[in-house]
1. Among bridges DSSP assigns within the chain, what percent are antiparallel (round to 5)?
2. How high is the relative contact order of segment 5-189, given as a whole-number percent (alpha carbon pairs under 8 Å, six or more residues apart)?
3. How high is the FRET efficiency between ASP37 and TYR89 when r is their beta carbon distance and R₀ equals 30 Å, given to the nearest 0.05?
4. I need the fraction of alpha carbon pairs in segment 5-189 separated by more than 27 Å, rounded to a whole percent.
5. Suppose every K and R has +1 on its Cβ and every D and E has -1 on its Cβ; what is the size of the dipole of segment 5-189 about the Cα centre, in Debye to the nearest 20?
6. What length, rounded to one decimal in nm, is gained on full extension from ALA69 through to LEU187, with 0.36 nm per residue of separation minus their alpha-carbon distance?
7. Let me know the number of lysine pairs in the chain closer than 18 Å at the Cα, not counting same-chain pairs under 8 apart.
8. Towards the positive end of the charge dipole of segment 5-189, with charges on Cβ (+1 Lys, Arg; -1 Asp, Glu), say which of VAL18, VAL63, ALA151 has the farthest Cα.
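Each value in this text was obtained by applying a stated rule to the coordinates, not by laboratory testing. Treat the numbers as computed from the prediction; the structure is a model and nothing was measured. Ideal geometry is used to build each Cβ from the backbone, glycine not excepted, and the neighbour counts take in all protein chains shown.
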Amino acid sequence: MTRPVLHTLICSTRPVRVGPAVAEWAHGVAQSHGGFDAKLVDLASFNLPVFDEPEHPRFGRYVHEHTRAWSASVSEADAFVFVVPEYNYAPPSSLLNALTYLAREWNYKPVGFVGYAGISGGMRSVQVAKGLVNTFKMVPMFEGVSVVNVAQQLQAEGGLAANPINQQSATAMLDELLRWTNALQTLRAK
């Protein structure tokens with residue numbers, strides 16, 4: 001039996017960002033988990049301008065190559081982990097824009113969150129994002145990871161030196177994400 005495909009998505013597209021270090025750590029945990037065929041995806045690599053498709057995404061008639069590439073990537077995944085910073089108490093506008101580009105590709109897929117920031121650990125950002133993904137018929141996980149004071153956990157040579165609580169939280173989130181991924185499989189197949 002093939003394992004479900006999990007995309008760990010770097011949601012920040014800023015030129016100077018810590019998202020890749022956090023996402024690489026989260027992706028490594030997903031690979032070690034073993035329940036998924038894990039893939040790391042960088043939203044910045046799609047170069048999505050502010051939503052520019054002439055028709056509503058529900059029709060799936062995309063005219064731009066960047067939209068078709070983004071659609072193919074999202075369609076490939078059975079589940080997601082969104083690695084989300086907190087900008088002004090909210091997720092980055094790049095995530096909202098990326099969500100807006102598509103419709104059916106998101107449906108009936110579960111999503112876990114790894115939030116990161118200063119003292120909030122990205123919790124406010126994740127809470128806003130959970131409300132957004134519901135409109136796409138996605139199932140946000142209760143379990144998640146909150147990387148508090150992310151700058152203090154970054155290593156000089158790159159990467160994230162996550163603490164044991166982050167590791168335990170990530171494993172719990174992935175366990176639950178796998179349950180939901182399997183449970184939603186019937187709905188995704190229709």
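1. Numbers: 2 of 24 bridges.
DSSP beta bridges in the chain are roughly 10 percent antiparallel.
2. Numbers: 341 pairs, mean separation 42.7, N = 185.
It rounds to 23 percent for segment 5-189.
3. Values: r = 34 Å, r/R0 = 1.14.
With R0 = 30 Å, the Cβ-Cβ based efficiency is 0.30.
4. On the way: 3636 of 17020 pairs.
Distances greater than 27 Å cover 21 percent of the Cα pairs.
5. On the way: 13 positive and 15 negative charges, 79 e Å.
In debye, rounded to 20, segment 5-189 gives about 380.
6. Numbers: separation 118, 0.36 × 118 = 42.48 nm, distance 2.36 nm.
Working it through step by step, the gained length comes to 40.1 nm.
7. Details: LYS39/LYS109; LYS109/LYS130; LYS109/LYS137; LYS109/LYS190; LYS137/LYS190.
Within the chain, the lysine pair count is 5.
8. VAL63
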